[in-house]
Amino acid sequence: MPSFDSHAALRPTRALLHPLWLGSLAVLVLNDHVLKGAGALPEALTGKLSDFAGLVVAPALLAALCRVQTRRGWWLAHLAVGVVFSAIQLSTSAAAGWSTLMGAVGFPWLITMDPTDLWALPALGLSAWALRPAMQRPVVGAARRSAELTAAGTGLVCCAATSPAPGEPFVPDINTDVYVHNASDEPVVVRLRELSPSVDLDCYAVAEDPSRLITEPLFGQSESFLLDPDQNFGLVRNDSWFWEEEPELDEPTTRDCTAVLLDVDGMPSAVVFWRNDQIPVHTVPGLGAEESGGRGRIEIHPSGDPDTLGEYVLGDDEILHLVPPATPPEVGACAPQSDAGRLYWSEPVPSGAWEVVAIESGADGCYALDLGISNPVGETVQSNRWYICAPLSHLGLEPGRLVDISPLAQGTGDGGGVLVSTAEETSDSGLPLVQLQAYRGTSFPAFHGLQVAAVPAFNCGYAVAPTCGTITRGTSVTAGGDAFGVVALQPGERQTLAGDGQAEMTVALAHAEERAALDPECAEGPDTLGLDLEVVALYIEPPL
């Protein structure tokens, strides 16, 4: 058996014929050019195989190219490979610099930074320990020298040209109605916000001024996309929306129109609004212009000057509306109403017969009713404190009165109501009949012949509420009927109407609006578009 001198000069080219080095080179070539992306092995495995194989191949190859002859040089070659490998996995600038350097010599690298690749670093120790004895073997002959040179050349090419260089990306055609086109020479970041799935719109009403009326609270989460030069991109979810992980899509909406908030770096914000039957869905090339027409096309033209906003150029359809500067909120009779004056009662409604034990009134228009149920000997066996807030000066009740309380069935999208009635027979008790009906919804149920009709303020335009983005228009009501006269009420007003005999009906309008856009998950009131009415009526009839 030959003996090796630990102090003899090393010949790194001899390590290039070691089975470990040749096997690692084969694994590197096979993995980078065959296995990656083929689906034969898990991606997690193919991603790490090249790291382990490369860290065995590279140090010996570097030592051979640098003609290292000492143990110190041998270890420095491994250290250099380890430092570069670690840097390009941990530093963006290092990865970019290395990719640029390799591109300059004709072998551009596409580097995917992954700190978990550092688990492959022990392969350097394997290389340093297993290949060193091979470098001390005596020279056998010219044939071996030729094999070493061949191995070095092959290893250099395979290490430099790891995975195939990325080519031009393929951008497929898209099927869409409205799309944006990057008309600049640089990539741009496009941020899109569709309407929240819960939002409902009166498309006809908001079409008069979409960018003023359809405001940010009505839109959902933002999705960002990088749009390459000359690339087209659909504004609603379609095949051009690529995801690293497929999102959970919301249920499709049934709106008759579509609105998207468009935000592009260096461009003014805009609302894109169109009716669903306005522009047909058609095939648009992934890159470039359509062969015929420009339906639904929005071109992005950045200015190139950081102090100047770019401009949008539309195709055949006027569908883009620039978001106007912030304006002072509407005031006066046409202003959106506050939720502070709405009707309120505590839930659950204490259904059934009760005795009014005490009544407390607050300065905010709220009443606290202490209710009780007594046994035959007058002992209270059940009690309940119930609150109701309404713009009334009194409830017509006194302690000791017996009342029936019942919730009123709510209609579709309505908030429902409550009915409070005295329970004694007025002819026997000598007490007045008192009934109170409070209702929140799109209408007010008939009550002792009283009818309530809404009258939208057509002289007012639509305005945007300060919260939730609700689009509203002021509304008043007319109330009356049968024995009662007819009066007009504005929100916050109340009137007392005289009926037959000495009966009285007090009607108070707590809230009245017509709504053209609504997010029921945010806004108070009914869950449907149209009227938002809150009315309370107090009927008092003296005893016979």
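Please rank Arg342, Arg14, Arg494, fewest neighbouring Cβ atoms within 10 Å first, as an exposure proxy.
Details: Arg342 17, Arg14 24, Arg494 20.
Ranking Arg342, Arg14, Arg494 by Cβ neighbours within 10 Å, fewest first, gives Arg342, Arg494, Arg14.
When each of the peptides 464-475, 180-191, 66-77 is scored by the mean number of other C-beta atoms lying within 10 Å of its residues, the order from highest to lowest reads 464-475, 180-191, 66-77.
Suppose R0 equals 56 Å; then what is the FRET efficiency for Asp114 and Glu208 from their Cβ-Cβ distance, rounded to the nearest 0.05? Present the calculation step by step, with values, prior to reporting the outcome.
Working: r = 53 Å, r/R0 = 0.95.
FRET efficiency, Asp114 to Glu208: 0.60.
The calculated FRET efficiency for the pair Val357 and Val331, based on their C-beta separation and a Förster distance of 45 Å, comes to about 0.50.
Available extension along the chain between Asp305 and Val34 is 92.9 nm, counting 0.36 nm per residue and deducting the alpha carbon span.
A cut-off of 5 Å between modelled amide H atoms, ignoring neighbours fewer than 5 places along the same chain, links Tyr344 with Cys389. Fully extending the segment from Val486 to Glu216, taken as 0.36 nm per residue of separation minus the present Cα-Cα distance, adds 93.1 nm. Pop a pseudo-label 7 angstrom from the Cα along the beta-carbon direction at both Gln69 and Leu121 and give the gap in nm to one decimal. In this crude label model, Gln69 to Leu121 measures out at 3.2 nm. The HN-Hα couplings worked out from phi for the stretch 171-181 by the Karplus form 6.51 cos²θ - 1.76 cosθ + 1.60 (θ = phi - 60°) are 10, x, 5, 10, 9, 7, 9, 10, 8, 10, 10 Hz, whole numbers, x standing for Gly and Pro.
The amide H of Leu195, built 1.01 Å from its N in the peptide plane, has Gly220, Ala259 as neighbours under 5 Å, considering only residues 5 or more places off or on other chains.
The order of the peptides 381-393, 521-533 by mean Cβ neighbours within 10 Å, most packed first, is 521-533, 381-393. Rounded to the nearest whole Hz, the Karplus-based 3J(HN,Hα) values (6.51 cos²θ - 1.76 cosθ + 1.60, θ = phi - 60°) of the stretch 208-215 follow the sequence 5, 6, x, 5, 7, 8, 8, 9, with x at glycine and proline.
Starting from the Cα-Cα distance between Glu379 and Ser198, subtract it from 0.36 nm times their residue separation and give me the gain in nm to one decimal. Please list the in-between numbers first.
On the way: separation 181, 0.36 × 181 = 65.16 nm, distance 5.07 nm.
The span from Glu379 to Ser198 would gain 60.1 nm if fully extended.
In this structure the amide hydrogen of Trp274, modeled in the peptide plane, comes within under 5 Å of the amide hydrogens of Thr258, none closer than 5 places in sequence on its chain.
What's the FRET efficiency of Arg275 with Ser338 using the Cβ-Cβ distance as r and R₀ = 35 Å, to the nearest 0.05? All intermediate terms of the calculation are to be shown ahead of the outcome.
On the way: r = 33 Å, r/R0 = 0.94.
It comes to 0.60.
In terms of the mean number of neighbouring beta-carbon atoms within 10 Å, the peptides 116-126, 367-377, 293-303 order highest first as 293-303, 116-126, 367-377.
Values quoted throughout were computed directly from the atomic coordinates according to the rules given, and no laboratory measurement underlies them. What you are looking at is a predicted structure, and each value in this text was computed from that prediction instead of being measured. Here the Cβ is made from the backbone with ideal geometry for all residues, glycine too, and neighbour counts use every protein chain on show.
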